[in-house]
1. Under 30 Å from E557 (Cα atoms) and of a type in the set (D, E) - does that describe any residue in region 238-259?
2. Would you mind stating whether T2 is open to solvent by 50 Å² or more (accessible area, probe 1.4 Å) and either outside any strand (DSSP E or B) or out of contact with any helix residue (DSSP H, G or I) (no Cβ under 9 Å at 6 or more places or on another chain) (or both)?
3. Would you check if T472 is outside the structural domain of I99 (by TED's automatic domain parsing), within 22 Å of P406 (Cβ to Cβ), touching an Asp or Glu at 6+ places or on another chain (Cβ under 7 Å) and at pLDDT 70 or above?
4. Here is a list: L107, L95, L115. Which entry is open to solvent by less than 40 Å² (accessible area, probe 1.4 Å) and in the same structural domain as T157 (by TED's automatic domain parsing)?
5. Could you check how many residues of region 246-285 are assigned to a loop (DSSP other than H, G, I, E, B), away from the ligand (no atom under 15 Å from the Cβ) and not small (G, A, S)?
6. Taking region 546-579, which residues are within 38 Å of the chain's Cα centre (by Cα) and without any contact (Cβ under 8 Å) to a residue 12 or more places away in the chain?
7. Working only within region 307-335, note down all residues that are near the ligand (Cβ under 10 Å from one of its atoms) and assigned to a loop (DSSP other than H, G, I, E, B).
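The values are calculated or read from the model by the stated rules, or taken from the named source; none is laboratory data. These numbers come from a predicted model, not from an experiment. No Cβ is skipped: glycine too gets one built from the backbone with ideal geometry, and neighbour counts run over all protein chains shown. When the accessible area is computed, the model is the full protein with side chains, heavy atoms only, and any ligands, DNA or RNA have been set aside. Shrake-Rupley method; radii C 1.70, N 1.55, O 1.52, S 1.80 Å.
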Amino acid sequence: MTKTIGIDLGTTNSEVAIVESGQARVLPGDDGDLMLPSCVGFSETGKLLVGREALRQYAAAPDRTVRSIKRWMGTDHKTTLRVGGTESDETRDFLPHEISAMILRTLKQRAETALGEAVTQAVITVPAYFTDAQRQATKTAGEIAGLEVLQIINEPTAAALTYDVRSEETERVLVYDLGGGTFDVSVVEITGEVTEVLASHGNNQLGGDDFDRRLQLHLAAKYRQTHGMDVPDDPATQARLLRAAEQIKVTLSSHAFAPVREAFLGSKGKTALHLETEIARSDFEDLIRPLLDETLEAIDRALGDADLQPDDLDRIILVGGSTRIPLVQQMVEDHLGQAPVDGVQPDLCVALGAALQAGVLAGEDVEAILVDVIPHSLGISAAVDTPMGIMPGYFSVIIPRNSVVPVSRSEVYSTVSDNQSAVEIEIFQGENQAAEENVPLGSYKVEGLPPKPAGAIEIEVHFDFDLNGILTVTTTEKGKGQQGTLVVNHAGIQRLSSHELKQARADLDALFEVDELEADEPIDVSATETKEGISLDPELVTLLNQAQKVLDALEDEQSEELQDLLEQIEEAIANQETDALPELQEELSDFLYYITTNS
Ligand code: AMP
């Protein structure tokens, strides 16, 4: 029996897990890392990079690299990436699900390498608050990557599945999930092996990336204070500042202060300008507190929807990398009057839960049953009879939010005017009474109605919401029994036709095959091994060659600075101080970038 894998397709990191002997396990990549950064790029030679390699080049080559693509899922936002070699300006546009497919394909390969067999089926997680279009885009990405997506499940639900409930008593658990780009809170009820989501709420545009950006602005302000001018506004410098902000943020989770040392950020005349300062944890906390307040409001709303008080909760589980921030833990604890549980791995539990669910679907001996709910109410725009007359545009809910899935519901509507020959069925998702204020999912016209007085013709609208969170709408004209199935047109993204899917898969195969061919070429070790027997990062070798080329052309002051840096590198190599090399390499990369953009 081939394995069904569980995938956490995260904004910042993604993981793949499987179940073995009833236990879920996250699979490591070649580098031993369990997390694959959700970052995709093309190298200077036009080679596809997915994961850490892509992330590493993000600051230096933002035009070749993309991260946090999850934020765009379900839209037709195009990412333009330079895909050709250094000399070429060749670019290509990618849709969000195409980029996600590259990440999923890499995870599929990771699982195949670990298992030694082909993998074709998966369960993929999404934020509970993802809309229909976003879920559909995720499913499409899986299909392009060559995976049959058996089920799309909510991330907090997956996390709760890994929670080891010891008693047979019903436990109510609040799952607070704050990742890189999204925030979710769910109230989950666990009875024995059954996990049921009572309510979910969140914001799919809030997460650690926002903290990074606030800190980036703070750093830019410090630079302005020091140098009386702005940090250069080019994408590469801004990306560097953002990367620095993220590192500082992570440091501040375990330290009260974080040093900042970003060399060659800008220039005044011929003088290079650096940013050297220190950030206190309390300053960072002041920056993010307003955003965290929003998450507390979401907690209250989810509790309200589940009809529970904080005291009714038995456990609080924190999920997502951003919950490592001490202030997050503190604020959740203060707000709910209870400390979150220890021992749940915030970065891995979503993938582990997805694997457990995959195990259940594949018929493995796993003790977990999942009951999920829909995150948004679904309905149509209808006219209502009011004392002031008939009011159009009212949002008539057919499936209320937090209904257990799969769910099918119908409502019957009638014509509002005499001899009405057609009815427009407009579908929305959301909670506002005014239909137009909600997210439109598509529309459908029922035509050819026989001439009858107002109210004499009835149309049944049937909503079918499946386990993947995908909605199918069917209308039936009750007189003649004439039926139609609604083609739901998700905000900009349609389901791919089988031809389009084939094409998208072939495109992806081509990118990965080129990659595999290149991987087979032996690396020229002689170029990267020093006489001291240290093997250098090939990137450092390229930088050193570049440095030698530009050295003579530099003005005195810059030439001295570069010479000094090169000497430090030579010394580190001679003394076999390999630990010092990554930092020096970064400094060299920054310097070379600085002189190429300021010459
Ligand atoms: P996730 O989407 O769950 O992988 O979470 C990724 C987010 O967690 C990113 O914004 C990371 O910068 C952030 N993160 C990871 N580790 C830490 C840490 N120790 N302190 C603060 N934020 C972190």
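1. No, because not a single residue in region 238-259 is under 30 Å from E557 (Cα atoms) and of a type in the set (D, E).
2. Working: open to solvent by 50 Å² or more (accessible area, probe 1.4 Å): yes; either outside any strand (DSSP E or B) or out of contact with any helix residue (DSSP H, G or I) (no Cβ under 9 Å at 6 or more places or on another chain) (or both): yes.
For T2, the condition - open to solvent by 50 Å² or more (accessible area, probe 1.4 Å) and either outside any strand (DSSP E or B) or out of contact with any helix residue (DSSP H, G or I) (no Cβ under 9 Å at 6 or more places or on another chain) (or both) - is met.
3. yes
4. Step by step, each of L107, L95, L115 is checked, and only L107 is open to solvent by less than 40 Å² (accessible area, probe 1.4 Å) and in the same structural domain as T157 (by TED's automatic domain parsing).
5. Taking region 246-285 first, the residues assigned to a loop (DSSP other than H, G, I, E, B) are 253-256, 269-270.
Checking the rest, the ones that are also away from the ligand (no atom under 15 Å from the Cβ) come to 269-270.
Keeping just the survivors that are not small (G, A, S) gives 270.
Number of matching residues: 1.
6. Correct list: E577, D579.
7. G320, I325
Residue-wise test of (1) in contact (Cβ under 8 Å) with a residue 40 or more places away in the chain; (2) surrounded by 14 or more Cβ atoms within 10 Å (Cβ to Cβ); (3) outside the structural domain of T251 (by TED's automatic domain parsing); (4) of a type outside the set (D, E, K, R).
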position: L292; (1), (2), (3), (4): no, yes, no, yes
position: L327; (1), (2), (3), (4): yes, yes, no, yes
position: V332; (1), (2), (3), (4): yes, yes, no, yes
position: G337; (1), (2), (3), (4): no, no, no, yes
position: L352; (1), (2), (3), (4): yes, yes, yes, yes
position: M388; (1), (2), (3), (4): no, no, yes, yes
position: Y394; (1), (2), (3), (4): yes, yes, yes, yes
